[in-house]
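Single-structure report; data block below.
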Amino acid sequence: MKGPAALDKPVRVLVVDDSALTRHAFGQIVRSVGGFEVVGTAGNGHEAISRVVQLQPDVVILDLEMPVMDGFAFLRWMLHHHPIPVIVVSAQSETSSVFQAMDLGAVDFIAKPRGQGTADMVSMSRELSSRIAVLATAGMDKVRRRVELLSRSVRIRQSHQSVQTLRAVTIGASTGGPSAIQFILSELPADFPVPIIISQHMPAGFTRTFAERLNRTCPIRVQEVSGRETLSPGTAYIAAGGTHAHFGEAGGRIFVQTRHAGDGDSYVPSIDRMMEGAARLCGGKLMGILLTGMGGDGRKGMLEITGNGGYTIAESEETAVIFGMPQDAILAGAARQVLPLDRIPGEMVRICGVTPEAGSFGRQGHAG
């Protein structure tokens, strides 16, 4: 993935926020990194519509709570008329609003720092500039398709055999992942026979709201893992932000528990740690799914699953908002299947609901 300075032309950014101070601060962050330019600002959604039509920005940085027209109304208009990547900037207290915005088509979000110190602003500056550069290179056909998928009301309704062929499914995602995860879990039937464990790169404070929202809208049960949970069929477990998912076994049943991340951890929650731990415990009776995201997290975990005889799926470039993580796993030979997002739930149902061919999932693992 090209860095900001390596882009062929400057990334044109529109900043939308009702606070003049915040617009100025975000403008300084954008201008401080080579390869970006602020082409305009807007104080509400109505002004933002005019700026988008007039200026044709590559990326929009969007506040949600604004007078005259809020960010939600602006998103509805923009994704229909001028679909371009939107990054929502939100305080920790607005987690529910973040996921509502992502339902409407926002591609990513970053959290406003809790403090106003130099270190807080430097960290936010680095994160924001990185996200802008990545999303500016994402094809908008993928963003449009992601919104179309989310609007589908079709559900997979096949019944399943009661005998489980897998012990668990692991899913990893980063940029663009929340909407992809929502689509997958929404498409699964309530009697899906295998527990699902999810590591989505997300800061602390957001995963609980994410899980609660999915639990209200998806047929299967969804919950955040903040301590230790024994895995049950038909339930998806989302690792809490700021932690890693670890596995163990007691009385023949698998449990997942969280461990706090260290300051030097590059990816949190770590997809590699989740998948490698699950593979050591489940052996070949494990499925790994790697979705959209930037970087290399998930490659080692997917290789561990395939090496133990498990089943792996990588999201294809056709639908991945950011193809970095899936591509890394594919090039490493870690993906048995490469599928667009809309075909992944059906493959999960097929593998988890039908007895596989002999040898496909034949080896039982051991606790590591």
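The values are calculated or read from the model by the stated rules, or taken from the named source; none is laboratory data. As the structure is a computational prediction, the values presented were derived from the model and not from experiment. So basically every Cβ, Gly included, is an ideal-geometry build from the backbone, and we count neighbours across all protein chains shown.
Miscellaneous remarks
- In this entry, Thr312 is excluded by the filter for residues that are part of a helix (DSSP H, G or I) and either out of contact with any Pro (no Cβ under 7 Å at 6 or more places or on another chain) or outside the structural domain of His244 (by TED's automatic domain parsing) (or both).
Residue-wise test of (1) crowded, with 23+ Cβ neighbours inside 10 Å; (2) on the phi < 0 side of the Ramachandran plot; (3) at pLDDT below 85; (4) touching a strand residue (DSSP E or B) at 6+ places or on another chain (Cβ under 9 Å).
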{"residue": "Leu64", "(1), (2), (3), (4)": "yes, yes, no, yes"}
{"residue": "Pro67", "(1), (2), (3), (4)": "no, yes, no, no"}
{"residue": "Leu79", "(1), (2), (3), (4)": "no, yes, yes, yes"}
{"residue": "His82", "(1), (2), (3), (4)": "no, yes, yes, no"}
{"residue": "Ser93", "(1), (2), (3), (4)": "no, yes, yes, no"}
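- Single residue of Ile61, Ile49, Ile29, Ile84 found to be over 17 Å from Ala133 (Cα atoms) and of a type in the set (A, V, I, L, M): Ile49
- Taking residues in the stretch 13-41 that are without any contact (Cβ under 8 Å) to a residue 40 or more places away in the chain, and partners anywhere that are outside any helix (DSSP H, G or I) and of a type in the set (S, T, N, Q), the pairs with Cβ atoms closer than 6 Å and at least 6 places apart or on different chains are Arg23/Thr41.
- The set of residues in the stretch 333-362 being modelled with pLDDT under 85 and either surrounded by 14 or more Cβ atoms within 10 Å (Cβ to Cβ) or not in a loop (DSSP other than H, G, I, E, B) (or both) consists of Gly353, Pro356, Ser360, Phe361.
- Scanning the stretch 2-21 for residues that are at pLDDT 85 or above and either loosely packed, with under 13 Cβ neighbours inside 10 Å or in a helix (DSSP H, G or I) (or both) returns Ser19, Ala20, Leu21.
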